[in-house]
Structures are given as C-alpha cells and as structure tokens.
Amino acid sequence: MIIPQLIVGLGNPEPKYDRTRHNIGFEVVDALASRWQISWSENRRFQGLFGEGHGPTGDKLRLLKPLTYMNRSGQAIGSVTAWYKLAAQSVLVIYDDMDLPIGRLRLRLSGSAGGHNGMKSTIAHLGTQNFPRLRLGIGKSGGGKENVSHVLGKFSPQETKLMSEVVQLTIEAVEVALKQGVEKAMSLYNSRSVEIVESN
C-alpha cells in the first residue's frame, strides 16, 4: 500500500503568479496545511516553504512548496527526500494539467512528465518516474504561445468557483490516500469530476 509521507504542490513563487492555473498545486497544499494546522516556514536548505505536522491519520507528514520556479522544482523535492531519506514512492506531487478538462483530477502511481516542466525536473532529481502524482485539469488553450499565457493566466470567476470545489475534492482524495493508500483513492476519485453549473 502506497501512503504519501511528503506532499508537494508545484507552482511559481512570486505574487504575480498567485492563483494562476500553473499554481493550483500551491493552492492545494495551502488548503491541506490550513486543514491540518501545519504552518509554513522558509527552509533554505530545501529551497522551499516547508511544513511538518500530522495528517488525518496522526502520522507525521511533510508539505513542500518549492521556491525554485517550476522548471527547477525537482531540486527542492530532491533535497527534502535526501535529507529525510524518503523513498520516491512516498512523495505525492500535485500539479496542473492542460490535457485534463477543468473539474477533473487524476491520480497515478507513476508516469512520464507529459510535457510539464515541473515534473520533468522532479523525475530528473528523484531518478525515477515511479512516484504518485495528482494532476488537476486546467483545460486546453489554443496551443503555441497561447499555452504560456493560458497556464500563467488566472481562472475566470466561474472557473474560480469550480476550482474551489475541485480543491475540496482533492483534499478528500489526499486524505483517502493517507488512510487507505493511493490505489484506493485512485479507484474512488479518478472518475469524479466537478461540473460548471450554469446560472441563469
């Protein structure tokens, strides 16, 4: 049974990136930290904001937000896993995915980076693709240059409302993974989605 011991949210550190699509990983770990009353502090050794505490099972848990910028996220993750001698399989990485529609989340036990620079860096620094990851759909753009402005853009008001529900669903999925393993959470949450409700 695979139980995460380190939960990482991917994002970019500056205020201008707050609440952008690319920073949804940060938003989720912020929500987890507040739910589990884990406080953040900047850790220079880990090049990130780091928190330690206890999750829903009472076991020790660590949270990380790399401050290295997305394409070097793996440096921070590699530092934490080396310092605490954590196996790659015990690291759960949460990040945005353009290939999934908004409102969907997808948990996997391993896989390629799928073109995501934060994941390319993480795989390089962990030396394996075999670690759990939770992808949150941010929807597609028109491609090309538009991809950059899409991922670094903010959600529309309607999408923001939807994403706050997605964050809640993600918290549930993470808590199931901590209590019953990642595979159980996959079976329960990979088919779930949050729909945009049209208001008249």
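The values are calculated or read from the model by the stated rules, or taken from the named source; none is laboratory data. Given the structure is predicted, the values throughout are model-derived calculations rather than measurements. Cβ atoms come from the backbone with ideal geometry, glycine included; neighbour counts cover every protein chain shown.
Only one residue in Leu49, Leu32, Leu61 is at pLDDT 95 or above, touching a His at 6+ places or on another chain (Cβ under 8 Å) and farther than 21 Å from Lys120 by Cβ. Which one?
None of the other options fit; the residue is Leu61.
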**Request:** Would you mind listing the helices (runs of 4 or more DSSP H) fully within region 115-192 where at least 1 residues are surrounded by 16 or more Cβ atoms within 10 Å (Cβ to Cβ) and within 13 Å of the chain's Cα centre (by Cα)?
**Result:** 117-126, 157-180
**Asked** Is there any pair with a first residue in region 145-157 that is within 16 Å of Met70 (Cβ to Cβ) and a second that is of a type in the set (Val, Ile, Thr) whose Cβ atoms are under 8 Å apart and which are 6 or more apart or on different chains, and what are they?
**Response** His150/Ile138; Val151/Thr20; Val151/Ile138; Leu152/Thr20; Gly153/Thr20
**The one condition in (1) modelled with pLDDT of 95 or more; (2) assigned to a helix (DSSP H, G or I); (3) under 19 Å from Arg135 (Cα atoms) that Ile24 fails to fulfil** = (1)
**Message:** Please list, ordered by residue number, the strands (runs of 3 or more DSSP E) wholly in region 30-109 having 2 or more residues that are in contact (Cβ under 8 Å) with a residue 60 or more places away in the chain and surrounded by fewer than 23 Cβ atoms within 10 Å (Cβ to Cβ).
**Reply:** 105-108
**Request:** Working carefully through the options Ser73, Ser110, find the one that is touching a His at 6+ places or on another chain (Cβ under 9 Å) and under 29 Å from Ser193 (Cα atoms).
**Result:** Ser73
